[in-house]
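Only the coordinates and a few stated rules stand behind these numbers; no lab work does. Just so you know, these numbers come straight off a predicted model, no measurement behind them. Every residue, glycine as well, gets a Cβ built from its backbone with ideal geometry; the counts of neighbours run over all protein chains shown.
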Amino acid sequence: MLLMAVVVQGAGPVQAKPPDPRPLDVTTLLDLRFGIVVREGAGDGWISVGPTGGGPVTGGGLVALGGDNGPALFEVVGVPYGVFQISLPNRLLIDRQVTVTEFTSDPEWSGVLDAEGRATVRVGGRLGVGSQGKVGSPRTLFQIEVNYQ
């Protein structure tokens, strides 16, 4: 199961200041991956992948069998030591019975670019599958937004 990540670089609110000398550039290095998931019994189930990895956690009627799982990975490039803010989606509907919620990131809400103007952002989430939902390998896109603070 794989979620492809799409990045949106928001312009943010209009401000009376000169534009940043180097705009933020965000590149997707890895997509959010939930691995191989199967249904065990009836009822709703879920699988969570945290932003720092550590393997998936399941509940309800789902079981993780391994496979490629882990957080989405993004590289942010901009002004050295620039402070940036991260905005994540609240909920993503894949179909009537399959959703992704509880998006989390590392760093959590904001970060600071290093001396070379680079930072890594990891994003995890929780895949929920209703009792009638197909486990399979749904694919979809989600957006994150990264702006200078």
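Between amide H atoms placed 1.01 Å from N, distances below 5 Å from residue 125 occur with 49, 104, all of them 5 or more places distant or on a separate chain.
In this structure, residue 95 and residue 57 have a Cβ-Cβ separation that, at R0 = 30 Å, corresponds to a calculated FRET efficiency of about 0.85.
Using the Cβ-Cβ distance between residue 28 and residue 131 with R0 set to 30 Å, the FRET efficiency works out to roughly 0.40.
So how do 108-116, 37-45 stack up, highest first, on mean other-Cβ count within 10 Å? Can you show the working numbers first?
On the way: 108-116: 12.6, 37-45: 15.0.
Highest-to-lowest ranking by the protection proxy: 37-45, 108-116.
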